[in-house]
Every structure is written in structure tokens, then in C-alpha cells.
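Each value in this text was obtained by applying a stated rule to the coordinates, not by laboratory testing. Computed from a predicted model, the values in this text were never measured in an experiment. Neighbour counts are summed over all protein chains in view; Cβ atoms, including those assigned to glycine, are modelled from backbone coordinates with ideal geometry.
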Amino acid sequence: MSFDYSKLSGRIVEKYGTQYNFSIALGLSERSLSLKLNNRVPWKSTELQKAIELLDIPREEIGEYFFNLEVQKV
């Protein structure tokens, strides 16, 4: 199962300018963040909580950023 993190990536750039800047604020390496955004490594609950806080994501919109399933192309 893959998630579509395109909206999350946009929010990261909107708030932090680059994934690198956001990864520093989140306490991860840029590589670790990239692996998460590319569905290679799952998010830990503590990382999700911190990302939600750092990006000021409203509670009712969390699913749109983190749990939006990617449409599989046939």
C-alpha cells in the first residue's frame, strides 16, 4: 500500500522552503525524510505528531496529508 504525499510535500515547501530545512526541524536526515515521502520507510507515530505540529496541519486535514492512498496505474 502506497500513500500519496504530494500535498504533504507542497506544505513542506510552503512552510520551510525545502525538504532539507524541514528535515532539520523534524530531527531527521534529508535522506530519511525522502525515504518516508517516497513510501520506502513508514512514518513513526512520534514523527507524524511532530510533523503535524511543525506544519500547522489542522486535525481534520491530517488524513489528506498522511493517509491519502496513491492511485495505482494499470
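Extension gain for the segment Asn68 to Asn39, taken as residue separation times 0.36 nm less the Cα-Cα distance, is 9.2 nm to one decimal. Is the shape of the stretch 1-44 best called rounded, prolate or oblate, per the rule: a/c under 1.5 gives rounded, else a/b larger than b/c gives prolate, else oblate, with a ≥ b ≥ c the square roots of the Cα gyration tensor eigenvalues? Oblate shape, in that a/c is at least 1.5 and b/c is the bigger or equal ratio.
Rounded to the nearest 20, the Cβ-based charge dipole of the chain about its Cα centre (Lys and Arg +1, Asp and Glu -1) stands at 280 debye. Pairs of Lys residues in the chain are counted when their Cα atoms are under 16 angstrom apart and they lie 8 or more places apart or on different chains; the count is 5.
Between Ser29 and Gln49, take the C-beta separation as r, use R0 = 25 Å, and let me know the FRET efficiency to the nearest 0.05. It comes out at approximately 0.85.
Projecting the Cα atoms of Asn68, Gln19, Leu35 onto the dipole axis of the chain, where Lys and Arg carry +1 and Asp and Glu carry -1 at the beta carbon, places Leu35 farthest toward the positive end. Listed options for log10 I(q)/I(0) by the Debye sum over Cα atoms at q = 0.18, 0.21 Å⁻¹ are [x] -0.66, -0.92; [y] -0.81, -0.96; [z] -0.60, -0.84. The value calculated from this structure is the one marked [x].
Based on C-alpha pairs under 8 angstrom that are at least 6 apart in sequence, the stretch 6-66 has a relative contact order of 35 percent.
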